[in-house]
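See below for the structure under consideration.
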Amino acid sequence: MSTKTRHSPPDGTVRDYDRASRKPGGVADRILDAALDLLAESGLRNLTQVEVANRANVRQSHLTYYFPTRDHLLNAVTERAVSGIVSGFSQLATDATKGHKNELLERLAQSVMDVGHMRMFVAMIVEADADQAVRRVMRRATERIEAALSEALGGDAARERARLVLAAIWGLGLYQFLMRPASSASPTRAYLSWLAEASIRPRAAHARRADT
């Protein structure tokens, strides 16, 4: 039995396609991989059905069979991209629970600050501003990331601290993406040290303040 996924474009129409066709190497899978590559390379500028079909080495008729409009394609690409982001964050958070939690922020920051990641992230935010469906996907993904971080951080008010960490690291990622500072001028290490003090070890920080 196959599972259907619905993608609803702004015009209200609904298109179903079979997840079984998205097995590794399948046509729909290749199309989405090609679209993600384009998104990471140049943002939304080249994310057209023609460009994606060319990159995936498929006929445009094959692409439109699975994704009849650019809105269908964009929604599917957004889901694919944020699922990858969530999976990566979740794995980092899981690893952190097995080791030293003070490594979590640095590993998350390096993942977020990857130029391709930030280019996709910014493109999806821009699209989410005008497309409610994309915004819903982004909101669900953010909630899943927060949950994974919350579990890794543990302790009092873990979910609130997870929100702080995520917002701060995304802000750092945007700064790095825009400014591209030299390694010697990057604020990353100092910023992460401050954030760790403020969010990952709140009890210790509070105790030190109380002793002064």
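Taking ALA198 as the residue in question, decide whether it is part of a helix (DSSP H, G or I) and at pLDDT below 80. Criteria met by ALA198.
Would you please name the residue that is nearest to ALA141 (Cα to Cα), looking only at residues in the range 36-54 that are buried (at least 18 other Cβ atoms within 10 Å of the Cβ) and modelled with pLDDT of 90 or more? Filtering the range 36-54 for residues that are buried (at least 18 other Cβ atoms within 10 Å of the Cβ) and modelled with pLDDT of 90 or more, the one nearest to ALA141 (Cα to Cα) comes out as LEU36. Annotation: PRO181 fulfils all but one of (1) free of Cβ contacts under 8 Å to residues at least 60 places away in the same chain; (2) assigned to a helix (DSSP H, G or I); (3) farther than 24 Å from ALA76 by Cα; the unmet one is (2).
Do we have GLY43 as in contact (Cβ under 8 Å) with a residue 12 or more places away in the chain, at positive phi and out of contact with any Pro (no Cβ under 9 Å at 6 or more places or on another chain) here? It is true that GLY43 is in contact (Cβ under 8 Å) with a residue 12 or more places away in the chain, at positive phi and out of contact with any Pro (no Cβ under 9 Å at 6 or more places or on another chain). Criterion applied to ALA158, ALA167, ALA162 was being out of contact with any helix residue (DSSP H, G or I) (no Cβ under 9 Å at 6 or more places or on another chain), modelled with pLDDT of 85 or more, among the aliphatic types (A, V, I, L, M) and under 22 Å from SER193 (Cα atoms), and the one residue passing it is ALA167.
Looking for something closer than 20 Å to LEU36 by Cβ, surrounded by 19 or more Cβ atoms within 10 Å (Cβ to Cβ) and not assigned by TED's automatic domain parsing to the domain that holds ALA34 - is there at least one such residue anywhere in the range 150-157? Checked the range 150-157: no residue is closer than 20 Å to LEU36 by Cβ, surrounded by 19 or more Cβ atoms within 10 Å (Cβ to Cβ) and not assigned by TED's automatic domain parsing to the domain that holds ALA34.
Taken as a whole, the condition of being under 16 Å from LEU44 (Cα atoms) and surrounded by fewer than 16 Cβ atoms within 10 Å (Cβ to Cβ) applies to VAL115. Taking the range 69-88, which residues are among the hydroxyl-bearing types (Ser, Thr, Tyr) and either closer than 13 Å to LEU39 by Cβ or crowded, with 18+ Cβ neighbours inside 10 Å (or both)? The one that is among the hydroxyl-bearing types (Ser, Thr, Tyr) and either closer than 13 Å to LEU39 by Cβ or crowded, with 18+ Cβ neighbours inside 10 Å (or both): THR78.
The values are calculated or read from the model by the stated rules, or taken from the named source; none is laboratory data. Given the structure is predicted, the values throughout are model-derived calculations rather than measurements. Please note: Cβ atoms are built from the backbone with ideal geometry, for glycine as well, and neighbour counts cover all protein chains shown.
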